[in-house]
Structures are given as C-alpha cells and as structure tokens.
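Scroll down for the structure; my scribbles are underneath it.
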Amino acid sequence: MPKSPVAKIESQTLTLHGEKLVDDYAWLRRKDSKEVLDYLNAENAYAEAVMKPTEALQNQLYDEMLGRIKQTDLSVPYPKDGYLYYSRTEEGKQYPIMCRKKGEKGAEEVLLDVNQLAEGEKFMSVGSFEISDDGQLLAYTTDNTGFRQYSLHVKNLATGSLLPETAERVTSLKWAADNKTLFFGTEDPVSKRSNLIFRLALGGKPEQIFEEKDELYRCGVGKSLDKELLFIQSSCSDNDETWFLGANNPKGKFKLIEKRQGKLQYDVAHHNGQFFIRTNKNAKDFEIMSTSVSEPGQKHWKPFIPAIPKGMISGFSAFKDYLVYSKRENGLPGIAIYDFATKKTRVIETSEALFSISGSTNAEYDTKQYRYSYASPLTPQSIYEIDLKSFEKKLLKQTEVLGEYDASLYAMERTYATAPDGTRVPIGLIYRKDKKSASRNPLVLYGYGAYGISSSFGFNSNLFSLLDRGVVWATGQIRGGGDMGELWHDEGKMMAKRNTFTDFAACADHLVYEGWTSRDRLAIYGGSAGGLLVGATLNIRPDLCKAAYLSVPFVDVINTMYDESLPLTVGEFLEWGNPKKESEYRYIRTYSPYENIKSTAYPEILVKTSYNDSQVMYWEPAKYVARMRAHGKPASVIFKTNMAGGHGGSSGRFDVLRERAFDYAWFLEKLGVK
C-alpha cells in the first residue's frame, strides 16, 4: 500500500466570540501556488495508486455504462415561431449539437456545435441560449473553466458570424421585441452575486439600468411566455421583488409589482392583461392569485388557485387557454392543468411508487398541447404530449437504453424511518429482485437535504451497473429539502439544521434494523451540501456505516460563512446562519464537519472535488482530508481533485462516465461486492 501524502501544518487562528479556532491547513487556499498544486497532484497520484487494483473493474463499469447509451441520438423537436428546435449527439463526440429546421421536412440548420466550442478547451458548458423573436439572432453564454462565469456571444444565424457585442460574467439574458435589444444580468467578479442588469442595443454600449445593493439578494431578467413583458426579479431565499416592462418598449422604465417585505415570496406570469402570481402571502406552501397589470400591488391580489392541503404548489406557467402548475404531495411531484373556459382542474395521472414528472420545453403561448417529461428509477425519460382539451396523451419519445435492459428484473418501493423527534422520513429504494437477499445487502444511502431542493427519482442508466451486482440504492428524503413542503425545509436549516443529520442517521439505522443491509455493507453518499450532510453525520455517528463518499463537500462551514468575499456566503446566511452572530456561531460549531473531527475510528472515506469549483472551493475538502488524516482514525481516506472540472465535475459526457466508473468501483470494493 502506498503512503498517503501528509499536508504541512501552517497554523492560522480565528477568534470568534471568545473562542480560538486554529486552522492548520488554511494555506491550501493559495490557489495556483506551487505548494498547493504539488499537494493536490500528490493526492491524485495516491488515489490512483490505491485504486490501481480496481482498474480493470473501472474499465468494465465504463464499458457497461457507455454500452447503455445511444451515442447518436436526437431530442424531441419543439415548435417555436415557425421552427422546430432540437439538439442531437453523435457517436464519439462529447457534446450536443443544437439545431433547428422549418417543419419536419425542412433542411437542418446547425445553430451551435458545442464540440467545436470545446476544441482546445478542458471544459465547456453552454449556459443561456436565447433566440430573438424574429429568429435571426442567437445570444448564448459559455463557461470554459468550470467556475460558472459565463461569457456572452451574439451570433447572426443568417451569416453564421459572431457580432462584436460581448460581456463577461453573464447570469441571465432576454431579447426585447425589437430583435436588437438585449437585457442581461452580470455577477460580481469576487462574490459571484448577480447584482447588475444591463440594456444593450446592438451596435451600442451596455447601459446599466439596475443594481441590487443588498448582498442577500440576487437579480436576473426574464420574459413572459406570451412575449409581451420583460421582468427583473431580485430574490433572496425568503423574499422576492419583481419589476416589469413592455417588451416592445425596451427604452422604457420598469415598473414595480410589489416591494420586498417580511418573508413575502412571489413569482409572476402574464396572461391577457393580468398577472397570475404564485405566492406564500396567505399560504406557506403557496397558492396562485391574480390581479390586473394596471393594479399589480398585493392589495389587489385575489385568490385564484387555492393552496393544496398537505401539499405544495411549486411552479406554474400561463398559456392562452390553460394554466399549468406543478405540485408536490406525499414527497412526490405532480402536474395539474386548469382550463380557463371550463374553470376545471385536472391532474396528469401517475402510477409508479417513485417517479419524476415535470414540464418539458413548451415555447408556444397559444397551444392546445402540453409536453411533459416523465421518468422513474425503472422507466427511462419519456416525453409525452397531452391534448389539453381531451386529456389524451401520446408518447413522443422514450430514451433508448441499449443492451439487455429489462425493467421487470428490478423493483422500487418506499419505506419510512422515524427520526429522534418522531418525524416520519421517507426513503426510496431501488434493487434487482433476484439479487436481493433477506438481509445484509450491499447498500448505498444517498442524501442531500438543503435549500428546499427535493429529492429526484428519475432514470439513471448508470445505476444498473450497481444494481446488477446486488447493490441496493436508497435515497433519504430528509429535512432541509423541500420534499414535503416549506416546513420540511424550515425544519432542516439554520437553528434546526441538525435535524438533517439525525434524519439521515435514522434512515441508515432503519435500513439496518429492517434487514435491508448491515453496518459492514452500508455506504453513505452526498455531494455539495450533501457532502456536509455526510461529514456531519460521520462526526455524530462514526459507527454508522462501512464507507462514506463526500463529493465536492461543503465541510468548512464556519470559515466559509465567515468570509463574506467568497461566492455564495452572504446570500446563504438565511440557510446556514452567520457565524459573526454568536448564537448562530455556537449552533454551527456543533456540527461543522471540519472542526468536529474526533480522534476516533471512522469508516473508509472517499472525497472528491474540482479545482475550478465555484460553489464549494477546492480547499474545503482538501483541508478536511488533511485534518481527518491528522486527527481522525479513518479506515482509509483517498482524495481526488478534478483539475479541469467545476462543481458538477467534468463537462464532457464520456469524461463523466469515467468519473462514475471510479466512484462505483470504490463502492463495490468497500462493500465487498465481487
């Protein structure tokens, strides 16, 4: 076994509320310094050496996962302004090609080949993609580092040439109705907070028209589906403020709908001279209200779609004849459709125990059909089109899974753990029927539990490489997420954050007690805020499992939330707390993974990060690993940094599969799966 790297100690002390916090590894923040690069490269070499015996397995897993993918494929074309828009992939190419054509028999027009954009780059991601109303211009943004700072480009689709207009750090953009004016938002170069809105008339210079000065808020631009209005929305995690302007009056002044106040949240859709407003004004889990455009303030808002008892309205869109809204009930999503003519609501029916359903691309305001995406852990992504009057639906496309995939070989079900405070926590399980034993199954428990983000139960063909080897995959719908509504989020953030960790431990205990697995065959896994979840849970219950995988983990909570120059910090005071406030510091201090590593036995640990991650800086997991090796007693720790990746890892689809093959080989080895 090769010897693991040892990070040097260079102590730095932070005094908070009378307590001295000694950080031996703060020097790892010196990005691009030789000593940091040498350390990260040494860790990568160590990780590769430790995993060398699994190289054949990694290659096998990669081939299996690649073999399920139809490499040359086409998305479902969607109609917009006389064109059909779609993307396609080609065998051997990492990135999509974005196209359109005039009708089914029209000639293909390539709008953007991301493979060409990626030439000579280690990373490439397309952010915004906006076509002018006349179909002649394309405004798009690209990130070539993984740091999620996007550059603006404008392309003349008739000539294929790029216009001279550019901008940096663009966060959102929309065209005005004159087809020559762009509105876009930009972010601060250091904090990455989207704080400025510009108006750009092609051929001129960008004119700043809005600045969000409150560091809790981020702003962006939007456009109504009927193309009549442009919006500026400024939001923090529990408050919104929105302005509007006629899209045919780009030089005009935006008008306020309702000012920020208290914890008022709202978002807006325009329909025939009125606003529909999804808001928590009178309902914590949201209702939809309406008002006229001429009297937009909340004193004029009237109830339209009532709140869902024991459920949540999570989003909506207004079409010419219908209003479609997404919802959550019993921890699962749904779609409801309101008919303006009949004043009746119907719900798209689903039947599986676990599933994901959401709107697909619906770019036409005046439409009689609605497209939605449906998937489950066993049903590949399926795009349906439903007739909004008859409610008859037809399958437009189901993603093809190559090989010998047979859904009947697998099963999924839900069970419930009981948290220490008596709360019932749902768990979704997927497994292969003929591989499942009565007890001691190798099992991976995944969790996230933050920002009100709900668990997703979509289709992931990669997982079958684990299921086919007898691994059970479980997802805990823990508090801090939005699975069961806004209260579920509230009970897992700020001064209630520890509920997230005890929920997760309760899920693991339940799966052991009910015979799904055993401690020595259980792995836990989470990424980003889910990495915080795993790190905090390990400190509370280091006996919980055999193995733990922390991906791009947010583990240095106190230092990160103390440093207001870092991306996301100030805007997330309402999620985690501000350590400059003593009560909030004291609470964070009880769970922050970095400071709470103990001199005790820990399970096998895998930590992965990306050097250009803008959401969780690479040094957080690097410091965590160094401290874990120095102060904890882990069975093993390997740490791997993607030197050309971002928060989501690599950008190319084949590179992503290589990363998953590494992860899965680690799981299989640690859980004793042959």
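List of remarks:
- Any chance E413 is out of contact with any Ser or Thr (no Cβ under 6 Å at 6 or more places or on another chain), surrounded by fewer than 15 Cβ atoms within 10 Å (Cβ to Cβ) and within 26 Å of V472 (Cβ to Cβ): yes
- All strands (runs of 3 or more DSSP E) inside the range 175-219 with 2 or more residues being in contact (Cβ under 8 Å) with a residue 12 or more places away in the chain and among the aromatic types (F, W, Y): 181-187
- Restricting the search to helices (runs of 4 or more DSSP H) fully inside the range 485-550 and requiring at least 3 residues that are in contact with a Phe, Trp or Tyr (Cβ under 6 Å, 6 or more places away or on another chain) gives 529-540.
- Residue in the range 47-63 that is loosely packed, with under 15 Cβ neighbours inside 10 Å and within 19 Å of Q381 (Cα to Cα) present: no
- Exactly one residue out of D613, D563 is in the same structural domain as A506 (by TED's automatic domain parsing) and in contact with a strand residue (DSSP E or B) (Cβ under 9 Å, 6 or more places away or on another chain): that is D613.
- Qualifying residue in the range 525-532 (condition: over 18 Å from the mean Cα position of the chain (by Cα), surrounded by 23 or more Cβ atoms within 10 Å (Cβ to Cβ) and touching a residue at least 60 places away in the same chain (Cβ under 8 Å)): no
- Candidates I605, I558: the one that is modelled with pLDDT of 95 or more and buried (at least 24 other Cβ atoms within 10 Å of the Cβ) is I605.
To keep it simple, each residue is scored yes or no on (1) out of contact with any strand residue (DSSP E or B) (no Cβ under 8 Å at 6 or more places or on another chain); (2) part of a helix (DSSP H, G or I).
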site	(1), (2)
Y594	yes, no
K598	yes, no
L606	no, no
M628	no, yes
R658	yes, yes
A665	yes, yes
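- Filter pass, T342 being over 26 Å from the mean Cα position of the chain (by Cα), assigned to a loop (DSSP other than H, G, I, E, B) and without any contact (Cβ under 8 Å) to a residue 60 or more places away in the chain: yes
Residue-by-condition table, conditions (1) modelled with pLDDT under 95; (2) under 20 Å from D339 (Cβ atoms); (3) assigned to a strand (DSSP E or B):
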{"position": "K227", "(1), (2), (3)": "no, no, no"}
{"position": "Q233", "(1), (2), (3)": "no, no, yes"}
{"position": "M312", "(1), (2), (3)": "no, no, yes"}
{"position": "G315", "(1), (2), (3)": "no, yes, yes"}
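- So Y618, is it assigned by TED's automatic domain parsing to the domain that holds Y448 and out of contact with any Ser or Thr (no Cβ under 9 Å at 6 or more places or on another chain): no
- G297 more than 16 Å from G334 (Cβ to Cβ) and either assigned by TED's automatic domain parsing to the domain that holds V347 or not β-branched (V, I, T) (or both): yes
The values are calculated or read from the model by the stated rules, or taken from the named source; none is laboratory data. Bear in mind that the values here come from a model prediction, so they are computed numbers and not experimental data. Note: ideal-geometry Cβ built from the backbone for every residue, glycine included; neighbour counts use all protein chains shown.
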